[in-house]
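I have placed the structure first, in the form of structure tokens, so that the comments after it can refer back to it.
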Amino acid sequence: MLGGLIFCLCVTAGAIGKLALAKVLPPKRDAAQPSVQTEVQTDAKKQKKEKESAKPSAPTQPSPTQPAQPVPTTQAPTTPPTQNKSKPLPYLIVDKYFTNLRTDNPATPIYDQYTATERAELGLPVEIPDIEPYAEKKVAYLTFDDGPDLTNTPKILDILKEQGVPATFYVVGWRAEENPDMIKRIFNEGHAIGNHTYDHNYDSLYSAPNEFLWQILHTDEILRGILGVRPLIVRAPGGTYGMFTDAYWTMLDAYGYTEHDWNVCTNDATEERPDAARQIEYVNAQTQWPKKDDAAIVLMHCTSDKTETVKALPEIIRLLRAKGYTFGVVTPMTPQPY
Ligand SMILES: [Zn+2]
């Protein structure tokens with residue numbers, strides 16, 4: 001139990017000063033850029049890209065000694081999804097200058113129609129401006145990492161739908177490539193999608209900030225190819241504690257990403273492999289006292305071996321509700337867990 005708690009109680013490494021943007025951003029082109037609204041990605045192009053993208057270790061990696069090189073924009077920006085006009089969008093798409101990056105509803109996912117690379121190329125702001133975290137009380141953020149898969153992700157989505165609870169799925173790039181329909185389902189059912197790198201390989205991700213950045217940018221291209229929008233939120237595999245140096249934080253900041261670790265976890269990815277009852281106990285114990293900013297960010301996983309997580313989920317939801325929590329999705333406005 002204690003070991004599990006120590007595992008969970010990761011403290012996010014301190015923030016950092018910012019490097020000059022010029023050091024990390026790709027060079028700007030002149031103003032003669034194609035209009036992103038008029039370009040539409042063809043299915044054929046998308047399929048070609050999917051075929052070309054080997055998984056999970058195939059991407060050409062930047063040399064750690066080279067400056068960060070953004071992934072070339074191989075896909076034209078797609079038009080953001082359109083919906084029935086009589087029904088409001090279940091998510092917010094930030095505008096060019098982030099002026100609408102504000103919502104009082106913590107259950108509203110937030111996405112961007114531009115990738116970070118495109119923003120830089122178009123001369124648009126890349127870094128997210130300072131924003132006030134939600135002032136809501138007692139919001140629980142259920143987060144499911146490492147998917148999507150075709151076994152447990154749909155079961156989790158069924159439970160969330162039944163319970164009327166939104167959640168956040170930090171997805172892995174190569175799994176998104178394999179299961180684009182599951183990405184669409186998560187998106188269409190009003191949950192938030194976050195970027196959990198392309199291959200989830202600690203050795204490469206934490207060998208150099210450029211490798212981490214490359215995987216984030218590449219996964220964003222994949223997600224935008226599927227959805228027409230891309231996330232602004234990232235979760236570092238394994239959490240940032242002991243993994244991130246200051247350079248990682250500076251880089252994510254400059255590229256407009258917000259990282260969230262967690263402050264509650266079910267230990268479902270630890271060697272302990274707790275059963276459902278034990279997972280519920282962990283959540284209960286870790287929410288006995290108020291959390292920072294009343295925000296409980298709960299780490300779970302949704303891959304094929306997480307059947308106990310699926311079993312535990314309805315009771316975890318009931319338990320958090322009984323403690324007075326409502327449910328939100330992670331966005332750049334979500335308070336940090338520590
Ligand atoms: Zn993970």
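Read-outs: derived from the displayed coordinates by stated rules, not from any lab. Since the model is a prediction, treat every value here as computed from it, not as a measurement. Because the Cβ atoms are built from the backbone with ideal geometry, glycine has one as well, and the counts that use them run over all protein chains shown.
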Cα-based equivalent ellipsoid of region 91-327: semi-axis lengths in Å, sorted from largest, via gyration tensor: 27, 20, 18
Relative packing of 274-281, 111-118, 216-223, 299-306, which averages over residues the other C-beta atoms within 10 Å, highest first: 216-223, 111-118, 299-306, 274-281
C-alpha center-to-center spacing [region 92-142, region 262-338] in angstrom: 24
Given Lys138/Lys311; Lys137/Lys306; Lys161/Lys291; Lys137/Lys161; Lys96/Lys323, the pairs whose alpha carbons are separated by over 32 Å: Lys96/Lys323
Order of Arg175, Arg102, Arg185 - criterion: other Cβ atoms within 10 Å of each residue's Cβ, fewest first: Arg102, Arg185, Arg175
Efficiency of FRET between Trp289 and Gln163 - r from beta-carbon atoms, R0 30 angstrom, step 0.05: 0.75
D_trans [Stokes-Einstein, Kirkwood Rh over alpha-carbon pairs] for region 226-338, 25 °C, 0.890 mPa s, µm² s⁻¹: 158
